[in-house]
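Nothing in this text is a laboratory measurement; each read-out follows from the coordinates by a stated rule. Keep in mind that this is a model prediction, so the values were computed, not measured. Methodologically, a virtual Cβ is constructed for each residue, glycine included, from the backbone with ideal geometry; neighbour enumeration extends over all protein chains shown.
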Amino acid sequence: MQSRTASGCEEKPEENPCGPSAWAFMYLPGFSGRDTSSEDGMKILDVKLDTVCGYTSTLPVLQYPEIAFAGRSNVGKSSMINVIMKRKRLARVGETPGKTRTINFYQVSAEVPDPEKIAEAKEKAASEAGGDDAASLQQGPKKKLRWKKDPARNGGKSASGKKQEAVQYPASAISKIPGIPKDFYLVDLPGYGFANVSAEEKAKWGHMIENYLNTSEGLKLVFLLVDIRHEPNANDIQMYDWVVESGFKPVIIATKADKVGKSQIARQTDQIRKTLGASEDTAVIPFSSLTREGAAEVYRMIGQVI
């Protein structure tokens, strides 16, 4: 693996090395074996902490796309990463905010749905059921279609007089269809805005984050986390501006969505978008680490760029 010196950072590997973590090539705490669940549209097969970088370190040049997660301290970033990666203790969660003080690179092996194989499986299921109604299967397991009234079909009724329902392809069967293997790096950026550190330390973290955004060759997507209950503060706005100035359009994650009423979500997300100065078409995804709300949309957006 090649590496480059981070612009503006003095290289001092003996003080703060950036290299393969001691956890590399080992399963992390909370790993419970091969994850075959696909209710969210992505299977997470393996996660490894590959590299840890501090502000005096070099940034790695990696072979797979990088997906970055940024957010101020106590916004719920570590909890979200654990949920998305389907691990219990991948990112450290603690009562004291500001746990993440380095840039952590996690190598992720995943599978994304293969639309062609899913379509073929649904068509085959419809054919085996004796129907020519494969399109109805594409509408999902909740859609129930009944036979059209036809004298040849006894007015749409079976011999017992009950309505006939079209065959449905269950989600559990879809989950068994092999997906497309994809590898990427999840990049956990330091939590910013932590009050209990010196101004000098904050400046170092800020420089480290800004430098990564400006120099990473593999970065494809940035998720910016903000608390749905509050307006973005000056640090959030600055981070948003950094991401935009680096040439990316961040996806806003409105965390802790379970803490507000359903009727408040649209108003809060609009307020977040306006305060950040984001355009109306900027994605703002309500997310809850408790209920997994928003997880499927996060997987979908990752799948589009890896």
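Couple of notes before you dig in:
- Once the Cβ-Cβ distance of HIS207 and SER175 is raised to the sixth power relative to R0 = 51 Å, the FRET efficiency obtained is 0.70.
- Computed from the C-beta positions of ARG292 and SER109 and an R0 of 22 Å, the FRET efficiency is 0.60 to the nearest 0.05.
- Under a 5 Å amide H cut-off, with hydrogens placed 1.01 Å from N, ALA91 pairs with ASN82 among residues at least 5 apart or on other chains.
- Note, ³J(HN,Hα) from phi for the range 63-80, Karplus 6.51, -1.76, 1.60, rounded to Hz, x at Gly and Pro: 8, 10, x, 10, 10, 9, 10, 10, x, 6, 4, 6, 8, x, 5, 4, 5, 5
- FRET efficiency for GLU280 and ASN214, using Cβ-Cβ distance with R0 set to 22 Å, rounded to 0.05: 0.25
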